[in-house]
Amino acid sequence: MQTRRQERIEDALATNDRMMIIETGCTLEELKNACPNNSFIRDVCDKGMNGIVLSLKQLEALGKSYERQMGRDRANEEYKKTATEVPSGRQEVVGEVLSVKWKDNHFGGAFKALVRTSDYKVYGTVPSSLVRDCDGDPSTLVGSTIRFTATLTPKEVGFGFYSRPTKAVEV
């Protein structure tokens, strides 16, 4: 049995109406403008607006991606309401590791982490002692709580950068 959403998507494909309003209530152009930082949505919308007929799977993925993006935007707005200014200077940071990724640079590269404390988020290099403790794979730290001392630099309310982390331990 088909859902109402699938029927609307199939109608759009059958009539080759690439600007038809899909389940989100937006045209492709409105979707693209509503999510300027989402490269997937921008790319699929550009293809649809340039005359390429989007498949059923592409339209479904576009709708799901839009819904996820709106959820992230709402969560980010809620976070900004409760976030405080990141303190400046050398501070102790205790927080949950939200993500870890490898970033290449002129010196080879380093693992970078986003850490959420109770009041703000900070981004910077994963302390080398934690990389050693994780046998070179700090992605295992995601979800765990760590404590370290670092130099904090605020960027905006609720977000900043940290550098020169020391005395790092997994709590």
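The values are calculated or read from the model by the stated rules, or taken from the named source; none is laboratory data. Predicted, not measured: the structure shown is a model, and the values here were computed from it. Because the Cβ atoms are built from the backbone with ideal geometry, glycine has one as well, and the counts that use them run over all protein chains shown. Remember, those area values only see protein heavy atoms, side chains included, never the ligands or the DNA or RNA. Shrake-Rupley method; radii C 1.70, N 1.55, O 1.52, S 1.80 Å.
Does G48 meet the test of being in a helix (DSSP H, G or I), out of contact with any helix residue (DSSP H, G or I) (no Cβ under 6 Å at 6 or more places or on another chain), modelled with pLDDT under 85 and open to solvent by less than 40 Å² (accessible area, probe 1.4 Å)?
Numbers: in a helix (DSSP H, G or I): yes; out of contact with any helix residue (DSSP H, G or I) (no Cβ under 6 Å at 6 or more places or on another chain): no; modelled with pLDDT under 85: yes; open to solvent by less than 40 Å² (accessible area, probe 1.4 Å): yes.
It is false that G48 is in a helix (DSSP H, G or I), out of contact with any helix residue (DSSP H, G or I) (no Cβ under 6 Å at 6 or more places or on another chain), modelled with pLDDT under 85 and open to solvent by less than 40 Å² (accessible area, probe 1.4 Å).
Is it the case, given these coordinates, that A83 is exposed (fewer than 14 other Cβ atoms within 10 Å of the Cβ), among the aliphatic types (A, V, I, L, M) and under 30 Å from S118 (Cβ atoms)?
no
Contact list please: Cβ distance under 6 Å, first residue in the range 103-116 and under 18 Å from T153 (Cβ atoms), second residue open to solvent by 70 Å² or more (accessible area, probe 1.4 Å) and among the basic types (K, R), pairs at least six apart or on different chains.
If the second residue must be open to solvent by 70 Å² or more (accessible area, probe 1.4 Å) and among the basic types (K, R), the pairs left are K112/K101; K112/K103.
What tally of residues in the range 141-171 results from selecting those that are closer than 17 Å to K103 by Cα and of a type in the set (S, T, Y)?
Result for the range 141-171: 2.
Looking at this structure, is K81 within 14 Å of the chain's Cα centre (by Cα), among the charged types (D, E, K, R) and either in a helix (DSSP H, G or I) or closer than 22 Å to S144 by Cβ (or both)? Let's see the steps before the verdict.
Values: within 14 Å of the chain's Cα centre (by Cα): no; among the charged types (D, E, K, R): yes; either in a helix (DSSP H, G or I) or closer than 22 Å to S144 by Cβ (or both): yes.
In short, no.
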